[in-house]
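The values are calculated or read from the model by the stated rules, or taken from the named source; none is laboratory data. Keep in mind that this is a model prediction, so the values were computed, not measured. Glycine also receives a Cβ, built like all others from the backbone with ideal geometry; neighbour counts cover every protein chain displayed. Side chains are part of the model used for accessible areas, which takes the heavy atoms of the whole protein and leaves out ligands, DNA and RNA. Shrake-Rupley method; radii C 1.70, N 1.55, O 1.52, S 1.80 Å.
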Amino acid sequence: MTVTDGVAAGRFGGRRRFMVLGAGGLAAVAGGVGTWRLLDGDAEQWPWEQVWSEPVDGVYPSALNAHAGVLYLSGFGGVTAVEQSRGGKRWQALSDLDSQSAPAFGADVVCITGVRTGGRTVVNGIEASSGRMLWEREVDGLTQYAPTPAGDIMLVVIGRVSVASDTVVHAFDARSGQVRWSTRLPAKTVGPSAPVTGNGLVHLTTGVFTEGSMAWTLDLATGALRWKSPSEGFLGAPVLAGRELHMTASPSSGSADEGHNAFVTLDAVSGKDLRRAGNLPVGSELSVQRVGGTLYAAVRRYGDQYHSTLVAVDVSTGRLRWQADTDIDMVRTFRVSGDTVLAGGKEPPETTGSYLVQVFDADTGRRRWTRDMGTHVSLEGPVLTDGTVCVPTRAKEYTNRGTLNFLDLASGTTRWRHPLSTSGNAIACPDGRTLYVLAMPFPQSSENTLESRQVPTLYALRRRDS
């Protein structure tokens, strides 16, 4: 049995010690920061060290992301900025805002949407260096996406997910908040996508209440409608590549190929239909990513019992490169990096099934492995970090602690387990060879107030050989 000592630098907490049963034996770990010891038996030596730890009071985050050396936590209680290299809160803003999306970034501006106390939907611009609120604009309706930056403009789409309503695209000056333009789409629509921009244009798709779906293109400078392209079947979110706009389309009721979705490519500037290829699984698109010349998508198939399928499509031809079925009801995590496709979600039924983590070969679609992680995986799901898959799991009881589980990318076997500082959900945010972890405790009260919640903890783990 090997004993390994390490010293974790930091400025908070004591040296409270507890025991955890890991992949290779019993580990004694210091709570907060300080000295930790790992008794690892035959397991691979724990290679990470905790370099700082920061309690995060006043906000209960739902999103964590890094930008320009700063970590941003947004959620119930506004947004908090923390120094990425050493910890330490830079600023906190908008304490009465409930934001369900991550912020967007412009030139020294952080833009965020949310609902203020009283139910007002607002868009805010915050000075990145100081946290000073630069502007606020109230909008009529709801948005499910973060703002989309486009040069000195922030785009915000307002519309409902499942009820036919007006869809409005707002363009705000990122620095001043001035409304450059607002365009109301000329149809009652359902479920607008997040916009994508390029060639001086704004592209998005919607379901149209009585007419199937529509792809819309607006002028970025003026908001004027440049073209629209109807589809009887449901259109997925658009992906822009140069002058080509790609999207999936489900078949209409009168389609000659009712068993497959199509892959549609339009000329982004003119809206001309360039090509259309079939043979994709029919269903609802859950997520889409483009890497190089390949478009990867997760599709939840229609049928008596839902299952998700992953597909890879050649962007230049629209032809299916591979298709791989999963054992997942609805893919909640979908990441493509290098030669790896990572999928995560619950096996059917999605409300009660175990959480499965699956890894596929990005070139061939061959499934490398599947791991059943039980029912306590944090809702934010796994991430890829430094040649491993990191899966945060919640504790089964609020008196215990959650766990970071590091799985081997090639085999899916557990390489390390590491206790979290709290019991509840956790968000892992990798950046290079540093892993930032936001650990949140279970609520101790049914009251939905910041005062009724324990304080989350944000900390940084870094590979010792980096």
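Take the residues in the range 317-330 that are surrounded by fewer than 20 Cβ atoms within 10 Å (Cβ to Cβ) and in contact with a Gly (Cβ under 6 Å, 6 or more places away or on another chain); name whichever of them is nearest to residue 239 (Cα to Cα). Across the range 317-330, the extreme among qualifying residues is 322.
Being in a loop (DSSP other than H, G, I, E, B), hydrophobic (A, V, I, L, M, F, W, C) and either modelled with pLDDT of 95 or more or open to solvent by less than 40 Å² (accessible area, probe 1.4 Å) (or both) narrows it down to one residue among 410, 460; which is it?
Details: 460 fails: in a loop (DSSP other than H, G, I, E, B).
On inspection, the qualifying residue turns out to be 410.
Only one of the numbered conditions (1) assigned to a loop (DSSP other than H, G, I, E, B); (2) buried (at least 16 other Cβ atoms within 10 Å of the Cβ) is not met by residue 171, and that is (1).
Got a number for residues in the range 222-235 being of a type in the set (A, V, I, L, M, F, W, C) and without any contact (Cβ under 8 Å) to a residue 24 or more places away in the chain? Walk me through it before giving the result.
Let us first name the residues in the range 222-235 that are of a type in the set (A, V, I, L, M, F, W, C), namely 224-225, 227, 234-235.
Then drop every residue that is not without any contact (Cβ under 8 Å) to a residue 24 or more places away in the chain, which leaves none.
Of the residues in the range 222-235, 0 are of a type in the set (A, V, I, L, M, F, W, C) and without any contact (Cβ under 8 Å) to a residue 24 or more places away in the chain.
Are any residues in the range 47-99 outside any loop (DSSP other than H, G, I, E, B), acidic (Asp, Glu) and open to solvent by 20 Å² or more (accessible area, probe 1.4 Å), and if so, which ones? Hits for the range 47-99 are 49, 83, 98. Quick one: in the range 252-273, of everything that is outside any strand (DSSP E or B) and open to solvent by less than 40 Å² (accessible area, probe 1.4 Å), which residue is modelled with the lowest pLDDT? Looking at the filtered set, the residue picked out is 255. Which residue is nearest to residue 190 (Cα to Cα), if the candidates are limited to the range 113-148 and must be of a type in the set (D, E, K, R) and open to solvent by less than 70 Å² (accessible area, probe 1.4 Å)? Among those that are of a type in the set (D, E, K, R) and open to solvent by less than 70 Å² (accessible area, probe 1.4 Å), it is 116.
Out of (1) in a loop (DSSP other than H, G, I, E, B); (2) open to solvent by less than 10 Å² (accessible area, probe 1.4 Å), the odd one out for residue 194 is which? So residue 194 meets the others, but not (2). For residue 415, the conditions (1) part of a strand (DSSP E or B); (2) under 18 Å from residue 309 (Cα atoms); (3) open to solvent by less than 60 Å² (accessible area, probe 1.4 Å) are fulfilled apart from (2).
The residues of the range 274-301 that are in contact with a Pro (Cβ under 7 Å, 6 or more places away or on another chain), crowded, with 20+ Cβ neighbours inside 10 Å and at pLDDT below 90 amount to a single one, 282.
For the range 226-236, a residue qualifies if it is part of a loop (DSSP other than H, G, I, E, B) and open to solvent by 20 Å² or more (accessible area, probe 1.4 Å), and the qualifying residues are 232, 234. Just to be sure before I move on: is residue 166 acidic (Asp, Glu), within 24 Å of residue 100 (Cβ to Cβ) and surrounded by 14 or more Cβ atoms within 10 Å (Cβ to Cβ) in the structure I sent? Criteria met by residue 166.
For every residue, the table says whether it meets (1) without any contact (Cβ under 8 Å) to a residue 12 or more places away in the chain; (2) open to solvent by 40 Å² or more (accessible area, probe 1.4 Å); (3) in a strand (DSSP E or B); (4) out of contact with any His (no Cβ under 6 Å at 6 or more places or on another chain).
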position	(1), (2), (3), (4)
336	no, no, yes, yes
348	no, no, no, yes
364	no, yes, no, yes
371	no, yes, yes, yes
391	no, no, yes, yes
397	no, yes, no, yes
405	no, no, yes, yes
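Take the conditions (1) of a type in the set (D, E, K, R); (2) at pLDDT below 90; (3) touching a Phe, Trp or Tyr at 6+ places or on another chain (Cβ under 7 Å); residue 304 misses just one of them, which is (3).
To keep it simple, each residue is scored yes or no on (1) open to solvent by 80 Å² or more (accessible area, probe 1.4 Å); (2) among the aromatic types (Phe, Trp, Tyr); (3) more than 27 Å from the chain's Cα centre (by Cα).
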position: 177; (1), (2), (3): no, no, no
position: 187; (1), (2), (3): no, no, yes
position: 207; (1), (2), (3): no, no, no
position: 211; (1), (2), (3): yes, no, yes
position: 217; (1), (2), (3): no, no, no
position: 220; (1), (2), (3): no, no, no
position: 224; (1), (2), (3): no, no, yes
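So, of the residues in the range 373-384 that are open to solvent by less than 50 Å² (accessible area, probe 1.4 Å) and under 15 Å from the mean Cα position of the chain (by Cα), which turns out to be nearest to residue 432 (Cα to Cα)? Among those residues, the one meeting the criterion is 384.
Each row is one residue, and each column tells you yes or no for (1) acidic (Asp, Glu); (2) farther than 22 Å from residue 459 by Cα; (3) at pLDDT 95 or above.
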{"residue": "81", "(1), (2), (3)": "no, no, yes"}
{"residue": "85", "(1), (2), (3)": "no, no, no"}
{"residue": "101", "(1), (2), (3)": "no, no, no"}
{"residue": "104", "(1), (2), (3)": "no, yes, yes"}
{"residue": "116", "(1), (2), (3)": "no, yes, no"}
{"residue": "120", "(1), (2), (3)": "no, yes, no"}
{"residue": "125", "(1), (2), (3)": "no, yes, yes"}
{"residue": "131", "(1), (2), (3)": "no, no, yes"}
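Kindly establish whether residue 411 is hydroxyl-bearing (Ser, Thr, Tyr) and closer than 23 Å to residue 55 by Cα. In short, no.
Count, please, the residues in the range 68-79 that happen to be over 19 Å from the mean Cα position of the chain (by Cα) and under 17 Å from residue 456 (Cβ atoms).
Residues of the range 68-79 over 19 Å from the mean Cα position of the chain (by Cα): 69, 77.
Within this subset, residues satisfying the condition of being under 17 Å from residue 456 (Cβ atoms) are 77.
Here the count works out to 1.
Given the structure, is residue 157 aliphatic (A, V, I, L, M) and either in a strand (DSSP E or B) or open to solvent by less than 50 Å² (accessible area, probe 1.4 Å) (or both)? When the stated conditions are applied, residue 157 passes them.
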